[in-house]
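**Student:** Pasting a structure here, questions to come.
Read-outs: derived from the displayed coordinates by stated rules, not from any lab. Note that the coordinates shown come from a computational prediction; the quantities given were computed from them, not determined experimentally. No Cβ is skipped: glycine too gets one built from the backbone with ideal geometry, and neighbour counts run over all protein chains shown.
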């Protein structure tokens with residue numbers, strides 16, 4: 001029996017999404033002409049099928065490495081802890097900050113900045129994006145486990161905002177019943193982890209937000225299919 005090549009092993013849907021992500025990463029960086037956004041460093045955010053912001057982060061390596069790591073589940077704490085479900089991500093936004101990639105070390109002039117130093121440079125951009133998408137969220141929150149430390153608000157560079165789900169998968173992946181099932185499964189795994197381990201308060205906040213997101217989506221679906229929610233009288237509920 002012929003051995004299947006590694007690139008052909010994932011299901012077709014996964015391959016199609018990875019191909020779409022590759023196209024996005026090949027787009028021109030609006031803040032550094034002639035360069036690809038995938039090679040840039042900066043701040044990124046994920047949005048679900050309703051354009052609800054769900055996660056924000058920064059990278060001092062490259063968008064290609066960090067975003068792909070999250071969305072393919074490779075060495076990602078957010079995915080491993082069931083904080084971020086890659087299935088939920090339909091859109092990606094990226095704000096490149098070119099000068100950070102070539103920044104000089106604060107402590108050792110003439111040498112390249114360390115990862116920690118680049119993080120300090122990116123922190124204000126991450127916080128600014130975080131506050132912006134937090135306000136955009138109907139829940140006034142995102143799924144990040146850790147609290148993003150407050151800094152000054154800065155002017156953001158131009159962003160790239162692209163859908164990573166191809167047209168042939170869009171309707172099936174966006175279907176409310178499919179997403180409700182995924183969110184319920186994520187909540188189950190996350191709550192089980194919380195019950196078995198000593199976890200951060202951030203994970204408990206994430207669990208609460210996931211429950212709110214599930215409730216909202218289930219209510220939207222109820223209205224879509226025309227099912228009326230019972231009131232207290234219909235349900236036989238009385239206040240004594």
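**Student:** Counting other beta carbons within 10 Å of each residue's own, what order do 183, 66 fall into, fewest first?
**Tutor:** Arranged by neighbour count, lowest to highest, 183, 66 become 66, 183.
**Student:** Treat each spin label as a single point 7 Å out from the Cα along the C-beta direction, and report the residue 72 to residue 161 distance in nm.
**Tutor:** 2.8
**Student:** Under a plain spin-label model, where a point goes 7 Å from the Cα along Cα-to-Cβ, how far apart in nm are residue 114 and residue 27?
**Tutor:** Label at residue 114, label at residue 27, 3.5 nm between them.
**Student:** Remind me, relative contact order of the chain in percent, using alpha carbon pairs under 8 angstrom and six or more residues apart?
**Tutor:** 20
**Student:** For every helix of n ≥ 4 consecutive DSSP H residues, a contribution of -39,500 (n - 2.57) applies; sum these over the chain, divide by its total residues, and give [θ] at 222 nm rounded to the nearest 500 deg cm²/dmol.
**Tutor:** -14000 deg cm²/dmol
**Student:** Nearest 10 degrees is fine. How inclined is helix 115-136 to the longest principal axis of the chain, computing both from alpha carbons?
**Tutor:** Compared with the principal axis, the helix lies near 40 degrees.
**Student:** Now for a different question. Given a Förster radius of 41 Å and the C-beta distance between residue 176 and residue 135 as r, what FRET efficiency does 1/(1 + (r/R0)^6) yield to the nearest 0.05?
**Tutor:** 0.95
**Student:** Here are labelled values, (1) 1.03; (2) 1.00; (3) 0.92, and one is the computed Rg/Rh (Cα atoms, Kirkwood Rh) for what I pasted. Which one?
**Tutor:** Recomputing Rg/Rh (Cα atoms, Kirkwood Rh) here gives the entry labelled (1).
**Student:** Turning to a different aspect of this structure: To the nearest 10 degrees, how steeply does helix 176-196 sit against the main Cα axis of the chain, on a 0 to 90 scale?
**Tutor:** With rounding to tens, the tilt is 80 degrees.
**Student:** Any idea what angle helix 201-224 forms with the longest principal axis of the chain, computed on alpha-carbon atoms, 0 to 90 degrees, nearest 10?
**Tutor:** Tilt relative to the chain: about 60 degrees.
**Student:** Using a 10 Å cut-off around each Cβ, can you sort 25, 193, 203, 94 from fewest to most neighbouring Cβ atoms?
**Tutor:** Fewest-to-most Cβ neighbours within 10 Å comes out as 193, 203, 25, 94.
**Student:** Going by how many other Cβ atoms sit within 10 Å of their own, how do 82, 87 line up, fewest first?
**Tutor:** Least to most surrounded, the residues fall as 87, 82.
**Student:** What nm distance separates the two modelled labels at residue 219 and residue 51, each placed 7 Å from Cα along Cα→Cβ?
**Tutor:** Distance between label points: 2.1 nm.
**Student:** For residue 12 and residue 188, compute 0.36 nm times the residue count separating them, minus their Cα-Cα distance, and round to one decimal in nm.
**Tutor:** 60.7 nm
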